[in-house]
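The values are calculated or read from the model by the stated rules, or taken from the named source; none is laboratory data. Computed from a prediction, not measured in an experiment: that's the story for all the values here. Glycine also receives a Cβ, built like all others from the backbone with ideal geometry; neighbour counts cover every protein chain displayed.
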Amino acid sequence: MLNYMIAMRPLILFSLAFLAFLLMVPLRPVAAQEIDTPTPTSTATATATPTPPAQPQITFPAGGDAVQGQVTLSGASGIPGFFYAELSFTYAGDTTGTWFLIEESFTPIQNGALATWDTFAITDGTYDLRLLITLVDGSQMETIVRGVRVRNYSQIETSTPTPSLTPTNAPTLDQTLAFTPSALPTITLTPTGTPLPPTVTPLPRNPAEIVPQQIGDSLLRGAAGTLAAFILLGMYTSLRRRRR
């Protein structure tokens, strides 16, 4: 056994030296090009640019609509050359040209909310809405929606349905129209009693009414009272004189 260990000694030393060499030498990193990793490809998504409207628009509410409370006014104001926009209202049929400002904005809107209209601050009625755009060159463009109904405190009118006409089959020339005479109704007149004339019911006398007779009685009573007062005054004066 000792002889075997001595004979294997060179092999064991070589193995230990090779193992130490492997531990001391760092592993070579794998080059990036050696790794077969798929390269992601970017897909470009085309975003459509909205075309600005040629005219200012109010899409909600429309003419004749009934609105309540806080109303979001929708539309488009971002026309070419936009500088700022004004949303206002007036009474329907107003001839003075007076408009009340709802909101002013310097942000162009292509298609969305333009402003919020607080209809609680006004009375129920019919109004017109105006979107006025001022351009950078100083010119102006506007659109008006007429007949918007504000119904916060009154009942909203319902639309009357349009009656539909049901076509009927008209008789043709080949058809024979048969008329069946019907018996005429017999009218029997039943005599009634002689109607009595209407009875006139006198109205009760007004207690506050004054008749001429009452006026005369009041004058007589006043004169009698005055005369009695003078007589008593004369008697009283005579008695005092006699005592003196």
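Miscellaneous remarks
Listed here are the residues, each with its yes/no results for (1) in contact with a helix residue (DSSP H, G or I) (Cβ under 9 Å, 6 or more places away or on another chain); (2) modelled with pLDDT under 95; (3) aliphatic (A, V, I, L, M); (4) surrounded by fewer than 12 Cβ atoms within 10 Å (Cβ to Cβ).
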site: V71; (1), (2), (3), (4): yes, no, yes, no
site: S77; (1), (2), (3), (4): no, yes, no, no
site: P80; (1), (2), (3), (4): no, yes, no, yes
site: S88; (1), (2), (3), (4): no, no, no, no
site: T96; (1), (2), (3), (4): no, yes, no, yes
site: T126; (1), (2), (3), (4): no, no, no, no
site: V145; (1), (2), (3), (4): no, no, yes, no
site: S159; (1), (2), (3), (4): no, yes, no, yes
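- Here is the figure for segment 61-87: residues that are part of a strand (DSSP E or B) and under 16 Å from D137 (Cβ atoms) total 4.
- Of the residues making up segment 105-114, those that are surrounded by 13 or more Cβ atoms within 10 Å (Cβ to Cβ) and not β-branched (V, I, T) are S105, P108, Q110, N111, L114.
- Sole exception among (1) surrounded by fewer than 19 Cβ atoms within 10 Å (Cβ to Cβ); (2) of a type outside the set (G, A, S); (3) closer than 16 Å to T126 by Cα for P61, by number: (1)
- The number of residues in segment 95-121 that are in a loop (DSSP other than H, G, I, E, B), of a type in the set (V, I, T) and under 19 Å from A62 (Cβ atoms) comes to 1.
- All positions within segment 133-143 that are free of Cβ contacts under 8 Å to residues at least 60 places away in the same chain and closer than 30 Å to D65 by Cα: T134, L135, Q140
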